[in-house]
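The values are calculated or read from the model by the stated rules, or taken from the named source; none is laboratory data. These numbers were taken from a predicted model, which means no experiment stands behind them. All Cβ positions, glycine included, derive from the backbone under ideal geometry; neighbour counts span all protein chains shown. Note: areas computed on protein heavy atoms with side chains; ligands, DNA, RNA excluded. Shrake-Rupley method; radii C 1.70, N 1.55, O 1.52, S 1.80 Å.
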Amino acid sequence: TQSESEDNTSDFKLLRNSVSKISLMSADEYIEEIYPFNSYHPKVLDLGEEGWNGYRYWVSYTPYPSGFDYYENPHVVATNDFINYSNILHFEQPLENYEKSVRFNSDSCIVYNDDLNRLELIWRYTDYESDYMALYMRSSEDGTNWSESEIFYETYYRDSYDMVSPAIIYEDGTYKAWYVSEYGIYYRERVDGEWSDSVETEIKYEDGAHTWHIDVIKTEKGYELLACGLDDFYDRKHMNLYYASSQDGMDWGTAEAILFPS
C-alpha cells in the first residue's frame, strides 16, 4: 500500500458510479423535452458554508443534446445540496452566426472574484472558418443579473493559440488559467488585462491516456486537477476520470484513474 504522501487519491472515498443524470436542464423547453438532462462540461464553484447570495455551490454547464453544438451555450444554476437546484439563473442565447462545428460556444467556467465580490462566467467561442477563438466573460454581483459580455481573451491564430477546456481561478489579483492544447495541459496568467506566454505543464497518466478536458481548484494541497482522458482518439464517449495534485500548478506528477465508465 502506498503511503499518504505517495498516493494522490488517499482522501477519496468513491462508492459507485451514478445510475442517473443530474437534473441540469436546457433553457430550451423543446429540446429539453426531447433530450432531458443532456448537459455536459459542468464546473462547480464551492463558496463555503456561508455561501454567496443564498447558495454554497454555483454551477456552470453547457447543454449538448445528441452532440448538437447549436445548444452548447453556457447556463448557470445554484444549489446547496446537489439534489435541489435553483431555476436557471443565466443562459446564453444561441449564436446568430452559428454554423455546425464551425462557429459555436463551448467549455464554460465559473469564477469567484474575491476582490470584487462577484461571479464571472467565462466560456469559449470558436470560428474555425476565420481561425478565430475567444474567451468571453459576463459578471454578476448577485448571481441573477449579468453584465454585457466582454472579450476576456482572443486570438486570430486559433490553430496555434486555442484554449480548450479552460480551467480558471482568481487568486491574489491574478487569473490563473490551465487549458488543453494538442492533448497536453498548458498554463498562462492574466494580470491587469495582460496575458503571459503559454507554458506546457508536466503530467503523465498511469495508463498512457491523453488529456481531453480538465478542471483545477486551489486547496490546502496546492492545486488539484481532474481530467478526462482518451485512450482512443476516435472515441470521446468512453473516458476515465483522472486525478492529480501539484504544489505549483506546473508539475502534476502521474495522474491516477479514479472513476471509470460503466
Would you be able to tell me the number of residues in segment 150-178 that are farther than 19 Å from SER130 by Cβ and open to solvent by 10 Å² or more (accessible area, probe 1.4 Å)? 9
Being open to solvent by 40 Å² or more (accessible area, probe 1.4 Å) and not in a loop (DSSP other than H, G, I, E, B) is the filter; apply it to segment 216-260 and report the residue that is nearest to PRO65 (Cα to Cα). LEU241
Over segment 33-43, the set of residues more than 25 Å from PRO166 (Cβ to Cβ) and either touching a residue at least 24 places away in the same chain (Cβ under 8 Å) or open to solvent by 80 Å² or more (accessible area, probe 1.4 Å) (or both) is GLU33, ILE34, TYR35
Please verify whether segment 81-92 includes one or more residues that are surrounded by fewer than 11 Cβ atoms within 10 Å (Cβ to Cβ), at negative phi, assigned to a loop (DSSP other than H, G, I, E, B) and modelled with pLDDT of 95 or more. yes
TYR186: without any contact (Cβ under 8 Å) to a residue 60 or more places away in the chain, exposed (fewer than 12 other Cβ atoms within 10 Å of the Cβ) and aromatic (Phe, Trp, Tyr), yes or no? no
Any idea which of LYS100, LYS21 is closer than 26 Å to SER262 by Cα and either free of Cβ contacts under 8 Å to residues at least 12 places away in the same chain or out of contact with any helix residue (DSSP H, G or I) (no Cβ under 6 Å at 6 or more places or on another chain) (or both)? LYS21
All positions within segment 101-147 that are farther than 18 Å from ILE217 by Cα, part of a strand (DSSP E or B) and either modelled with pLDDT under 95 or open to solvent by 10 Å² or more (accessible area, probe 1.4 Å) (or both): ARG103, PHE104, ARG124, TYR125, ASP127, TYR132, TYR136, ARG138, SER139
Which number in (1) open to solvent by less than 40 Å² (accessible area, probe 1.4 Å); (2) touching a His at 6+ places or on another chain (Cβ under 6 Å) marks the one condition that SER181 misses? (2)
Could you please tell me which pairs satisfy a Cβ distance under 9 Å, a separation of 6+ or placement on different chains, a first residue in segment 140-164 that is of a type in the set (A, V, I, L, M, F, W, C), and a second residue that is part of a loop (DSSP other than H, G, I, E, B) and surrounded by 13 or more Cβ atoms within 10 Å (Cβ to Cβ)? TRP146/LEU89; MET163/SER198
Please find, within segment 64-80, the residue that is surrounded by the most Cβ atoms within 10 Å (Cβ to Cβ) out of those that are more than 30 Å from GLU129 (Cα to Cα) and of a type in the set (S, T, N, Q). THR79
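Please verify whether segment 184-207 includes one or more residues that are hydrophobic (A, V, I, L, M, F, W, C) and in contact with a Pro (Cβ under 8 Å, 6 or more places away or on another chain).
no
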